[in-house]
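**Q** One structure coming up, written as structure tokens, with questions to follow.
The values are calculated or read from the model by the stated rules, or taken from the named source; none is laboratory data. Every value quoted in this text rests on a predicted model; they were computed, and no experiment measured them. We place every Cβ from the backbone using ideal geometry, glycine too, and count neighbours over all the protein chains shown. Areas reflect the complete protein model, heavy atoms only, side chains present, ligands, DNA and RNA absent. Shrake-Rupley method; radii C 1.70, N 1.55, O 1.52, S 1.80 Å.
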Amino acid sequence: TLLTGMLGVFLALDMFLFYVFWEVMLIPMYFIIGVWGGKNRLYAAIKFFIYTMAGSLLMLVAILLMMFQASKAGAPPSFAYDAFLRAAPGLGALAPWLFVAFAVAFAIKVPMFPFHTWLPDAHVEAPTAGSVILASILLKMGTYGFLRFAVPFFPDVALSPVVTGVVVTCAVIGIVYGALVAMVQPDVKKLVAYSSVSHLGFVMLGIWAATLQSVQGALMIMIGHGLSTGALFLLIGMLYERRHTREIAAYGGLARVIPVFSLILVVTSLASIGLPGLNGFVGEFLVLLGSFGRFPWATGIATTGVIFAAAYLLWALQRIIFNQQDKPENEHLTDLTARELCVVLPLVVGMVWLGLYPKPVLDRMDSAAKRYVQLAQPGLERRPATALTRSAEERP
């Protein structure tokens, strides 16, 4: 059911069908967390359900209003995506409210600061498979929603100075805040969960910059984050099965005991940091490159997120697999089995491939990125420079 809902969200060209699939995937994820999760699984599952359902209901109201408004203008009633694109420019005073309804639903799913509080609880309490699905696919549905629906339907509203200022500010806060909070987490799974808030802030920054490089970078981060963060959750789950604790302080010196696990953990962490030659670097570099011309100050602040990412992940690696091996419980841990290697090695190969030769993927997404920039162009043309978003060309 969850797989059906995820595929339906990305494939649906009928807005009502899109909403149905959007809700369908909520139910199995609720049970995955609530039945097979950790000690506080019910709290995390209910919080996840309430957050997502509240945003989804707003989106349903917006979809129905757009359909009725389009039919009043003489067009036949239709939920088709193209019909909504044609009807959106004639919505007048309703457009800002409809945009907010879509934006809240998608911002909760991203999750974008300050709608992020459900994510750490859901990640920590979910079983390993649930965390991997949540990080790799479900979070990307929020950013996909902005790229596919919210901004193309309402470019004048979405890219107006006020909305741009709010979104870019929240994205930058999410990047820095998520990284700083991750740095002080004693639980390695919660650390990775907060790192997702930081990484997805880069995606939102790239979407709102609406340049070809920034949009391609946002898409690359979405793909790369699914690989590296999904692999991190898998590795944490494998370690948890051996020691039944996720506390960073419970480990140390694992490189001498389980060297293959440690090597893969290092490579995956470096990919998440954005080391050149691995997948994380390509997306973040393109976002920062494409966003600097439109948001120089915001991009400069966002760049510190890369530094903080190195700090929290390298520090965690030092405490988990290096340092002194002074815990007797860790002396007899077994290294990764053949089955576990078959699970994580394809992800590592993907990280290296996207880092060294991303051209096939960038070429494949080129037409979609250009289409998004074209749909966003009306809003960009009407957006005056502000202190936060003034472009490099307009600065004295």
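**Q** In the list Phe233, Phe261, Phe281, which residue meets the criterion of being among the aromatic types (Phe, Trp, Tyr) and in contact with an Asp or Glu (Cβ under 8 Å, 6 or more places away or on another chain)?
**A** Phe261
**Q** Right, something else. Across region 70-105, what is the total count of residues that are touching a Gly at 6+ places or on another chain (Cβ under 9 Å) and modelled with pLDDT under 80?
**A** 2
**Q** Please specify each residue of region 26-50 satisfying the condition of being over 23 Å from Leu98 (Cα atoms) and either of a type in the set (A, V, I, L, M) or in contact with a His (Cβ under 8 Å, 6 or more places away or on another chain) (or both).
**A** Ile27, Met29, Ile32, Ile33, Val35, Leu42, Ala44, Ala45, Ile46
**Q** Does any residue of region 309-323 turn out to be out of contact with any strand residue (DSSP E or B) (no Cβ under 6 Å at 6 or more places or on another chain), without any contact (Cβ under 8 Å) to a residue 24 or more places away in the chain and over 18 Å from Leu270 (Cβ atoms)?
**A** no
**Q** Still on this model: Tell me, which helices (runs of 4 or more DSSP H) wholly within region 235-298 include 3 or more residues that are more than 22 Å from Pro328 (Cα to Cα), open to solvent by less than 40 Å² (accessible area, probe 1.4 Å) and touching a residue at least 12 places away in the same chain (Cβ under 8 Å)?
**A** 259-273, 279-292
**Q** Can I ask one more? Considering every residue within region 121-128, establish whether at least one is out of contact with any helix residue (DSSP H, G or I) (no Cβ under 6 Å at 6 or more places or on another chain), outside any helix (DSSP H, G or I) and among the small types (Gly, Ala, Ser). I'd like the intermediate steps shown before the answer.
**A** As a first pass, look at region 121-128 and keep what is out of contact with any helix residue (DSSP H, G or I) (no Cβ under 6 Å at 6 or more places or on another chain): none.
Taking every residue of region 121-128 in turn, none turns out to be out of contact with any helix residue (DSSP H, G or I) (no Cβ under 6 Å at 6 or more places or on another chain), outside any helix (DSSP H, G or I) and among the small types (Gly, Ala, Ser).
**Q** Condition test on Lys189, is it open to solvent by less than 20 Å² (accessible area, probe 1.4 Å), over 30 Å from Gln374 (Cα atoms) and either of a type in the set (D, E, K, R) or free of Cβ contacts under 8 Å to residues at least 24 places away in the same chain (or both)?
**A** yes
**Q** Please go through region 119-159 and pick out each residue that is of a type in the set (Ser, Thr, Tyr) and open to solvent by 10 Å² or more (accessible area, probe 1.4 Å). Please lay out each step first, then the result.
**A** Taking region 119-159 and keeping what is of a type in the set (Ser, Thr, Tyr), we get 128, 131, 136, 143-144.
Thr128, Ser136, Tyr144 - these are the residues of region 119-159 that are of a type in the set (Ser, Thr, Tyr) and open to solvent by 10 Å² or more (accessible area, probe 1.4 Å).
**Q** What about Val343, is it open to solvent by 40 Å² or more (accessible area, probe 1.4 Å), aliphatic (A, V, I, L, M) and at pLDDT 85 or above?
**A** Answer is yes for this residue.
**Q** Further question: Filter region 195-234 for residues that are of a type in the set (S, T, N, Q) and buried (at least 24 other Cβ atoms within 10 Å of the Cβ) and give the result.
**A** Correct list: Ser195, Ser196, Ser198, Ser214, Gln216, Ser228, Thr229.
**Q** Same structure again: Assess whether Ala338 counts as being of a type outside the set (Val, Ile, Thr), over 22 Å from the mean Cα position of the chain (by Cα) and open to solvent by less than 90 Å² (accessible area, probe 1.4 Å).
**A** yes
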